[in-house]
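Here's the structure, in structure tokens; my notes come after.
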Amino acid sequence: MNVSVVLFTADLRLHDHPPLRAALDGSRQVVPLFVRDPAVDRAGFAVPNRLAFLADCLRDLDAGLRERGGRLVVRSGDVVEQVAKVAAETGADEVHLAADVSAHAHRREERLRRALVGQGMGLHVHDTVTTAVSPGVLAPAGSDHFTVFTPYFRHWSRQRLRDAVDAPRVVRVPDGVGSEPLPSRTGITGLSPGLATGGASEGRRQLAAWLRAGVAAYEDRHDDLAGDATSRLSPHLHFGTLSPVELVHRARRAGGPGAEAFVRQLAWRDFNRQVLAARPAAASVDYRARHDRWRSAPEEVEAWREGRTGYPVIDAAMRQLRHEGWMHNRGRLLTASFLTKTLYVDWRVGARHFLDLLVDGDMANNQLNWQWVAGTGTDTRPNRILNPVTQAKRYDPEGEYVRRWVPELADVARSAVHEPWKLEGLDRAALDYPEPIVELSAGRERFLRGRKPWTGRTARP
């Protein structure tokens, strides 16, 4: 074959990229293509933080290709139309694409396949590019997917992963293929001030540092809010600047309890993807219907969004989200539990707010983690409620995390930083910190009254 097209989507890297490797092995020239899809904008996923991180990723990908003699081709418009147009312009014989699990990705793949077949071209969809183990590979008897993580993880751990593929040394791109200018952060408004830098080069640097100095302590410190001892690699996994297969291999080579705990988190990511692949409706519909009578509480929801609930650890986490476009995992659990169970507000309200800000926000992890916390997902204890005060004392015992993100409480004594309302003689006006918007016991009772017993119904495709 003379020319192949490689459509980059959520796999913006050169290291361990099976579609690119297959295209290079089968063709003399390759068109590395990225299409800016207006359907993503219309669906509400093209938010400032992710657009900026994406711009970083595309620029880094282009730089890596240019080092190898190639370049990235960028087009805008309907993905199917643009791929078919580029293929026709270059006389391409086939198109290579990484598999993905969202309903949007499935529709895109089917439309693309029909269009290319009509033009006499082939479409090759590659698994284990955005996951370590492909959705659908593992399933219990009598079902198309696992609904509980622990048995899934046992099977997942026994899978033999493919070897990681080296980055290519040379990429030859046909002459004359037109491209739009690469996007940049310039002009994007509404960015989180502390937003991280994107791109595979930065991702690989972070990974090397994490394996060298962070992963060994991960099992003991991953819930330490102030210690910030997680990998912070989730944005790079979301945009595919790092390969989950490579991460599993490298973590296992590092060895030890910390690496094992980290690999378990990567398995959680695959678990959510196999759930969403089997039940696409779970992106917006209760995976397990609880017949909740969710409250409409706009003022309380706004206080939660702004980090003004009166519960310091909740407010700290929500302010971290707004400042960085990222939140510590323990903070995600606490803020989601507070919204869905203490305030008893629909999980979709919180999931949408997270998607508006999270640089790592995606349909599988964001939506299904929210459902897990809300008790409408795969959690086997759907009515568990996380107490923000006891959790804060456990995971931020010195109050460092709270003081970092809620400066109003910087001078409050350590013993009272998680419950400032209990301080006698406190000048509330001078402190400029609100009273709790709800009593925890009242919120708990309201939630348990509102939720009816589980019927076992699940979201259908």
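Please treat every number below as a calculation from the coordinates, not as lab data. Note that the structure is a prediction, hence the values are computed from the model and not measured. Note: ideal-geometry Cβ built from the backbone for every residue, glycine included; neighbour counts use all protein chains shown.
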Determine, for each peptide in 166-172, 375-381, the mean count of other beta carbons within 10 angstrom over its residues, then list the peptides with the highest first. 375-381, 166-172
So what is the diffusion coefficient of the chain in µm² per second by Stokes-Einstein at 10 °C and 1.306 mPa s, using a Kirkwood Rh over Cα pairs? 68
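Not counting the cut sites, what is the longest span of the chain without GluC sites (Glu not before Pro) that DSSP labels loop and that have at most 11 other Cβ atoms within 10 Å?
1-397
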How high is the relative contact order of segment 3-130, given as a whole-number percent (alpha carbon pairs under 8 Å, six or more residues apart)? 34
Once phi is turned into θ = phi - 60°, what whole-Hz ³J(HN,Hα) does the Karplus curve with 6.51, -1.76 and 1.60 give for every residue of segment 133-146, x standing for Gly and Pro? 10, 5, x, x, 5, 10, 7, x, 4, x, 8, 9, 6, 7
Within segment 91-116, backbone nitrogen closer than 17 Å to the virtual label 7 Å beyond the Cα of residue 46 toward Cβ: 104-105, 108
Once phi is turned into ³J(HN,Hα) by the Karplus curve 6.51 cos²θ - 1.76 cosθ + 1.60 with θ = phi - 60°, what whole-Hz value does each residue of segment 19-29 show in order, with x for glycine and proline? x, 5, 4, 5, 5, 5, 5, x, 9, 6, 10
Run the quick spin-label model on residue 180 and residue 209: label points 7 Å from Cα toward the beta carbon, then report their separation in nm to one decimal. 3.2
Dividing the helical contributions, -39500 (n - 2.57) per DSSP H run of n ≥ 4, by the residues of the chain yields a 222 nm value, nearest 500 deg cm²/dmol, of -13500 deg cm²/dmol
Long-range share for segment 3-130, i.e. C-alpha pairs more than 22 Å apart as a percent of all pairs, stands at 31
Take the Cα coordinates of segment 298-450, assign each an equal point scatterer, and use the Debye formula without solvent to give log10 I(q)/I(0) at q = 0.08, 0.16, 0.18 Å⁻¹. -0.21, -0.85, -1.07
Label point distance in nm, residue 381-residue 293, each placed 7 Å from Cα along Cα→Cβ: 2.7
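Given charges of +1 on the Cβ of Lys and Arg and -1 on the Cβ of Asp and Glu, with all other atoms neutral, how large is the dipole of segment 298-450 about its Cα centre, in debye to the nearest 20?
Charge dipole of segment 298-450: 580 debye, to the nearest 20.
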Tell me the angle of helix 312-324 to the major Cα principal axis of the chain, expressed in degrees between 0 and 90 and rounded to the nearest ten. 30
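If R0 is 60 Å, what FRET efficiency do you get for residue 432 and residue 68 from their C-beta distance, rounded to 0.05? Write out the running numbers ahead of the final one.
Working: r = 55 Å, r/R0 = 0.92.
Calculated value: 0.65.
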For the chain, what does the relative contact order come out to in percent, with C-alpha contacts under 8 Å and a separation of six or more? 18
